[in-house]
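Asker: Starting off with a structure, shown below.
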Amino acid sequence: MMKKTLTLLAVSALLTGLLFEQSIAQSHASSHEYGSEHSITILAEDYAFQAPDNIPSGWTTIQYENQGNEPHFLVLAKIPDGHTFDEYATNIVSPFNDVWYALRDDGISQGEAMERLGATLPGWFWTVDFMGGTGVISPGHTSDVTMNLEPGTYVLECYVKTEDGEMHNMEGMLRELTVTEAPTEATAPEADIHITLSNFEMDVQGSLSPGSRTVSVHVKENPEVGFGHNVHVARLDSNTDVDELVKWMNFFDVEGLKTPNPSTFVGGMHLLPVGHTGYFTLDLEPGHYLFVSEYTGHMGVMQEVTVE
Ligand SMILES: [Cu+2]
């Protein structure tokens, strides 16, 4: 009996040693190979994010799972030095909500809404760096996005609206994330579809055939007025009204970004700074897709794509 126990211990020690060596070999390999990744999971619920509080800086893959019954996205906003998460909630999210209520309840025009935002947002809002995130993701869907995150204090946010027209960030989808100085050794993934966003065009190039794709999104320029360009990927079916879908993408439209989602949203990349590149994965099936920007889609920053 004693001998058997010892033998088992010896085998177990040997296995542990082997596994230990293997894990060293693996972490060594994954740190240096092209395309290695550091990934975290963020869950979206109605209406909260489940997410870590601290993550390392550098290339980060976020597996974003929408476990709610409503569409959700993820915005990563990097707060400028000297400002805090609480200030972001009070001085930025609240004025947006006030202007949204004026659009919804008082019928002000989109032009008036922009003017009011200009008058009520603090000057430092325009120095917030939007560092990516996901496109709108349908309930039950998952999206992987990869961005290069600099150290700092970030806000995780979703401002899709409920059926009653309440913004999700006001309902609880607003959370602080600290990106620490410690770097990951992950590198950028290799893309097989390339999107370039400029004024006012969305250029989509690459392997638009069925399969698992990695899409790069590069922001070449941003309009002087507004918030910039992002990418949302909607799968179209035979009765999807593309004009209505583009209208839905506009936050400032009274019916815009309001639950329920008018189409199945399967991926995308949220606002990035000019000159930056982010990545997202996409499982393409034969059919029709619309790649569309939220704030600038109705100005032409979109492309319909057919996968044969
Ligand atoms: Cu949401």
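Asker: Give the residue, chosen from Gly256, Gly228, Gly268, Gly275, that is in a loop (DSSP other than H, G, I, E, B) and closer than 17 Å to Ser138 by Cβ.
Answerer: Details: Gly228 fails: closer than 17 Å to Ser138 by Cβ; Gly268 fails: in a loop (DSSP other than H, G, I, E, B); Gly275 fails: closer than 17 Å to Ser138 by Cβ.
So the residue among Gly256, Gly228, Gly268, Gly275 that is in a loop (DSSP other than H, G, I, E, B) and closer than 17 Å to Ser138 by Cβ is Gly256.
Asker: Do you know which residues across segment 136-178 are within 14 Å of the ligand (Cβ to nearest atom), in a loop (DSSP other than H, G, I, E, B) and under 18 Å from Gly278 (Cα atoms)?
Answerer: Val136 - this is the single residue of segment 136-178 that is within 14 Å of the ligand (Cβ to nearest atom), in a loop (DSSP other than H, G, I, E, B) and under 18 Å from Gly278 (Cα atoms).
Asker: If you don't mind, there's one more thing I want to ask. Looking only at segment 121-135, which residues are surrounded by 17 or more Cβ atoms within 10 Å (Cβ to Cβ) and part of a loop (DSSP other than H, G, I, E, B)?
Answerer: Val128, Thr134, Gly135
Asker: A further question on this structure: Inspect segment 222-236 for any residue being modelled with pLDDT under 95, among the charged types (D, E, K, R) and more than 16 Å from Val292 (Cα to Cα) and give the result as yes or no.
Answerer: Yes; the residues of segment 222-236 include at least one that is modelled with pLDDT under 95, among the charged types (D, E, K, R) and more than 16 Å from Val292 (Cα to Cα).
Asker: Further, regarding this structure: Within segment 197-225, work out how many residues are of a type outside the set (Val, Ile, Thr) and outside any strand (DSSP E or B).
Answerer: Our first condition is that a residue be of a type outside the set (Val, Ile, Thr); within segment 197-225, this holds for 197-203, 205-213, 216, 218, 220-224.
In the following step, the residues that additionally are outside any strand (DSSP E or B) were identified as 199-200, 207-210, 220-224.
Of the residues in that region, 11 qualify.
Asker: So for segment 205-218 (the condition being among the polar types (S, T, N, Q), touching a residue at least 12 places away in the same chain (Cβ under 8 Å) and within 16 Å of the ligand (Cβ to nearest atom)), does at least one residue qualify? Talk me through it step by step, then tell me what you get.
Answerer: Pass one, segment 205-218, residues among the polar types (S, T, N, Q): 205, 207, 209, 212, 214, 216.
When the remaining residues are screened for being touching a residue at least 12 places away in the same chain (Cβ under 8 Å), the result is 205, 207, 209, 212, 214, 216.
So of that shortlist, the ones also within 16 Å of the ligand (Cβ to nearest atom) come out as none.
For segment 205-218, residues among the polar types (S, T, N, Q), touching a residue at least 12 places away in the same chain (Cβ under 8 Å) and within 16 Å of the ligand (Cβ to nearest atom): absent.
Asker: Determine the pairs where a residue that is within 26 Å of Ser263 (Cβ to Cβ), located within segment 55-82, has a partner that is within 10 Å of the ligand (Cβ to nearest atom) and of a type in the set (Asp, Glu) with Cβ atoms under 6 Å apart, the partner being 6 or more residues away or on another chain.
Answerer: Between residues of segment 55-82 that are within 26 Å of Ser263 (Cβ to Cβ) and residues that are within 10 Å of the ligand (Cβ to nearest atom) and of a type in the set (Asp, Glu), the close pairs are Gln67/Glu45; Gly68/Glu45; Gly68/Asp46; Asn69/Asp46; Glu70/Asp46; Val75/Glu157.
Asker: Here is a follow-up. Kindly list the number of the only condition in (1) farther than 30 Å from Pro286 by Cα; (2) of a type in the set (S, T, N, Q); (3) surrounded by 20 or more Cβ atoms within 10 Å (Cβ to Cβ) that fails for Asn230.
Answerer: So Asn230 meets the others, but not (1).
The values are calculated or read from the model by the stated rules, or taken from the named source; none is laboratory data. Owing to the predicted nature of the structure, the values given are computational and were not obtained by experimental measurement. Positions of Cβ are generated from backbone atoms using ideal geometry, with glycine treated the same way; all protein chains shown enter the neighbour counts.
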